[in-house]
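All remarks here apply to the structure that follows.
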Amino acid sequence: MSQTVPIRLYVNGDRHDIEIEPRRTLADALRDDCGLTGTHLGCEHGVCGACTILVDGKPVRACLMFAVQAEGTSIRTVEGLAPDDQQLHPVQRAFWEKHGLQCGFCTPGFLMLVAGQLEEKPDTDEEEMRDVLSSNLCRCTGYQNILKASMAAAEEMSG
Ligand code: FES
Ligand code: FES
């Protein structure tokens, strides 16, 4: 018999009180228990980065973290990236304008990865951005436009 524990998650500023088995990942909790399916699952073992979210402002692979480990943290997912319904986050806008997505499956992970990087270091240069982007996989291999979009966002965010 599976045993669940009550936990409280704060995601995009909203409180979610859920009951979950301790073995379940944060990615599963977000998708299945919080209804936030924008966080995608690819490999489910820490390789592809599709599940990247921000935990206390840092990019984290949600498939590698247990949901119970996220109690007391501040979580951001792609659903919470735009400041409101009328505006996109600069990284979202840049991906749109620079054609930084093809099938879009990897896109939420890239958006959160780049947003986390640029919110911490808006003046990230191209060499460092290449290094950051190398942690996530786009199987359509559209990396040039992802890089262009990320650098356009860096330009805007570094003002
Ligand atoms: S699904 Fe988490 S790294 Fe691939
Ligand atoms: S846009 Fe298709 S996997 Fe990245």
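The values are calculated or read from the model by the stated rules, or taken from the named source; none is laboratory data. What you see is a predicted model; the values in this text were computed from it and never measured. Neighbour counts are summed over all protein chains in view; Cβ atoms, including those assigned to glycine, are modelled from backbone coordinates with ideal geometry. Note: accessible area is taken over every heavy atom of the protein model, side chains too, but ligands, DNA and RNA are not part of it. Shrake-Rupley method; radii C 1.70, N 1.55, O 1.52, S 1.80 Å.
Summary table
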read-out: Top-ranked residue of segment 38-86 - restricted to ones that are among the hydrophobic types (A, V, I, L, M, F, W, C), assigned to a strand (DSSP E or B) and open to solvent by less than 10 Å² (accessible area, probe 1.4 Å), ranked as nearest to ligand 2 (Cβ to nearest atom); value: Ile53
read-out: Qualifying positions in segment 100-112 - in a helix (DSSP H, G or I) and in contact with a Ser or Thr (Cβ under 7 Å, 6 or more places away or on another chain); value: Pro108, Gly109, Met112
read-out: Filter result (over 20 Å from Ala82 (Cα atoms), open to solvent by 10 Å² or more (accessible area, probe 1.4 Å) and not in a loop (DSSP other than H, G, I, E, B)) within segment 17-37; value: Asp17, Ile18, Glu19, Thr25, Asp28, Asp32, Asp33
read-out: Pick from segment 1-16, criterion closer than 14 Å to Glu71 by Cβ and among the aliphatic types (A, V, I, L, M), ranking: most open to solvent (accessible area, probe 1.4 Å); value: Val5
read-out: Options Gly116, Gly100; residue that is at negative phi, more than 14 Å from the chain's Cα centre (by Cα) and open to solvent by less than 10 Å² (accessible area, probe 1.4 Å); value: Gly100
read-out: Filter result for Gln3 (over 14 Å from the mean Cα position of the chain (by Cα), within 28 Å of Ala153 (Cα to Cα) and not β-branched (Val, Ile, Thr)); value: no
read-out: Pairs where the first residue, in segment 42-54, is on the phi < 0 side of the Ramachandran plot and the second is hydroxyl-bearing (Ser, Thr, Tyr), C-beta under 7 Å, 6+ apart; value: Cys51/Thr39; Ile53/Thr39; Ile53/Thr77
read-out: Filter result (among the β-branched types (Val, Ile, Thr) and assigned to a loop (DSSP other than H, G, I, E, B)) within segment 113-159; value: Thr124, Thr141
read-out: Test for Asp28: is it of a type in the set (D, E, K, R) and farther than 27 Å from Cys140 by Cβ; value: no
